[in-house]
Each structure stands twice: as structure tokens, then as C-alpha cells.
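Participant: Handing you this structure, nothing more for now.
Just so it is clear, none of the values below were taken in a lab; they were calculated from the coordinates. Here the structure is a predicted model, which is why all the values come from computation and not from measurement. Note that each Cβ is placed from the backbone with ideal geometry, even for glycine, and that neighbours are counted across all protein chains shown.
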């Protein structure tokens with residue numbers, strides 16, 4: 001029997017980790033429990049030795065994703081200083097930075113990750129991933145040192161578009177539909193009832209090669225997406241999901 005404990009200090013990170021692994025353990029003979037001790041949330045795993053490789057692969061993917069999302073988001077929020085722009089523009093810029101050169105982030109984390117019997121996520125991040133934080137700091141310093149240049153909308157959008165254009169393509173083609181309650185995305189994984197900000201964030205995360213955007217009329221969201229995705233987006237007006245499917 002192989003046993004492992006993942007210790008996490010932040011509740012939102014622990015909840016995300018627990019729900020993620022719980023949803024993917026259905027076909028594994030694994031015992032999963034969670035308890036709080038000394039301010040940390042401990043997620044315990046136990047599985048037969050023959051299931052160890054499959055479980056460790058799942059744990060590695062989960063830990064890497066937590067570092068690249070929650071920890072990188074916190075790092076950027078603490079260190080990034082941008083000129084005042086629209087909220088959605090700043091969010092998109094930060095999201096693009098989070099996904100920029102993610103392949104190197106994954107490599108650094110994977111190289112330093114060694115799953116034995118226990119792992120404290122904060123300690124792993126603080127003591128084993130200095131090279132990762134140094135890489136993030138270089139990116140933040142570059143943005144901060146050019147913050148005066150980024151005051152103008154044109155320069156800001158040019159840099160944002162550059163970041164978006166250089167993200168890894170994760171979807172070949174997707175379709176976006178404007179709905180009464182927000183937006184829907186049809187891709188390998190479908191997303192529904194997305195707000196403007198959630199739509200922009202998800203599109204940057206998916207980084208599609210081609211976007212088919214169906215909406216009733218031109219608005220600020222369409223204009224913003226056209227600026228940052230330009231050649232990759234094709235907008236069709238006066239068309240909705242219901243009209244197309246009917």
C-alpha cells in the first residue's frame with residue numbers, strides 16, 4: 001500500500017485540489033480523506049502499490065496546475081504594477097502573463113517535484129522553486145519597468161496582443177455564442193453562462209487558433225477581443241446559437 005499526504009495552507013487551494021483529484025479517482029482503488037491540523041489542510045491518499053504510478057501522475061498534474069494558477073496569480077497580484085486601464089484589460093494582461101511560456105514553468109516544477117510520503121505545498125514553492133519565482137520576477141520587472149510606456153492604450157494593447165499571440169495554441173477552432181445570461185463556448189470542453197471577464201479569461205486560457213464569434217451586435221466585448229485576437233477571430237452579427245441550431 002502506497003500512502004501520500006499533500007499539505008496545503010490556503011483553504012481555496014485545498015478545496016480545488018481535493019475536488020480535482022476526487023473527480024479523477026473514480027476508476028482508481030484509492031482511499032481519499034481530508035482533515036485540518038495546525039492551520040494546514042491535509043489531503044491523504046492511499047492506494048495499492050500497482051496503482052501508485054497512476055496516482056502519482058494525477059498528483060503531479062494537480063500540483064503543477066495549483067502552482068501555475070493560484071501561486072502565480074498571487075505572485076503577479078503582489079508584484080505587478082500596471083497603469084490604470086479598464087478592469088477587463090488589466091485582467092486579460094494578467095491572464096496572458098500567467099499563461100506566457102507555461103511550458104518552461106511546467107518543466108521547472110516537474111524537475112523539482114519528488115513525491116515521497118508527504119509534500120507541504122508552501123514549503124515546496126518557497127524552497128524548491130526559486131528558479132521559477134526568478135523567472136516570474138524577470139517577467140514582472142520587464143512589465144513594471146515599461147509601465148510609463150504602457151499608459152497609452154495603443155502601446156498597452158500592442159503588448160497584450162504580443163503576449164496572446166505567443167501563447168501555446170490549445171484549441172484548433174472554437175465557437176462563442178452570445179446568450180441572454182452571458183456567453184457560451186463550444187470546444188472540446190464546453191463552457192456556459194460566462195460573464196464578459198470570464199469569457200476573455202477562458203479564451204486566453206484556451207488560446208484557440210480560430211474563434212467563430214456569434215452575437216447580436218457590436219459591443220465593447222467584441223471590440224476588445226478583436227483587438228487582442230485580430231486575425232484569429234471571425235465575428236458574425238445577428239446570429240445566435242438558437243438561430244444556427246434551428
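Participant: Hey, what's the Cα Rg ratio for segment 2-139 versus the globular rule of thumb, 2.2 N^0.38 Å? Mind dumping the intermediate values first?
Facilitator: Details: Rg = 16.4 Å, N = 138, 2.2 N^0.38 = 14.3 Å.
So segment 2-139 has a normalised radius of gyration of 1.14.
Participant: State, as an integer percentage, the relative contact order of the chain based on alpha-carbon contacts under 8 Å between residues 6 or more apart. Can you show the working numbers first?
Facilitator: Values: 314 pairs, mean separation 41.6, N = 246.
The value is 17 percent.
Participant: Determine one quarter of the surface area of the Cα convex hull of the chain, which equals its mean projected area, and express it in nm² to one decimal.
Facilitator: Working: hull surface 61.5 nm².
Reported value for the Cα convex hull: 15.4 nm².
Participant: Residues of segment 205-221 with the amide nitrogen closer than 15 Å to a label point 7 Å from the Cα of residue 172, along Cα-to-Cβ, please.
Facilitator: Output list for this probe position: 208-212.
Participant: Ok, one more. So, R0 is 41 Å and r is the distance between the beta-carbons of residue 31 and residue 197; what FRET efficiency does that work out to, to 0.05? Walk me through the intermediate numbers first.
Facilitator: Values: r = 39 Å, r/R0 = 0.95.
FRET efficiency, residue 31 to residue 197: 0.60.
Participant: Same structure again: Helix-derived [θ] at 222 nm for the chain: sum -39500 (n - 2.57) over DSSP H runs of at least 4, divide by residue count, nearest 500? Could the numbers behind the result be given before it?
Facilitator: Details: 10 runs with 116 residues, N = 246.
Helix-only estimate at 222 nm: -14500 deg cm²/dmol.
Participant: While we're looking at this one, here's another question. Would you mind checking the tilt of helix 52-66 against the longest principal axis of the Cα atoms of the chain, expressed as 0 to 90 degrees and rounded to 10?
Facilitator: That works out to roughly 50 degrees.
Participant: Something else now. Give the order of 130, 37 when sorted by the count of other beta carbons within 10 angstrom, beginning with the fewest. Write out the running numbers ahead of the final one.
Facilitator: Working: 130 12, 37 8.
So the ranking, lowest neighbour count to highest, is 37, 130.
Participant: Also: Report the calculated FRET efficiency for residue 126 and residue 223 (r = Cβ-Cβ distance, R0 = 51 Å), to the nearest 0.05. Don't jump to the answer; show the numbers that get you there.
Facilitator: Details: r = 42 Å, r/R0 = 0.82.
E(calc), rounded to 0.05, equals 0.75.
Participant: Can you tell me, using C-alpha contacts under 8 Å and at least 6 residues apart, the relative contact order of segment 2-139 as a whole percent? Mind dumping the intermediate values first?
Facilitator: Details: 124 pairs, mean separation 43.5, N = 138.
Across segment 2-139, relative contact order equals 32 percent.
Participant: Please give, to one decimal in nm, the separation of the simple spin-label points placed at residue 61 and residue 216, each 7 Å out from Cα toward the Cβ.
Facilitator: Result for the modelled spin labels: 4.0 nm.
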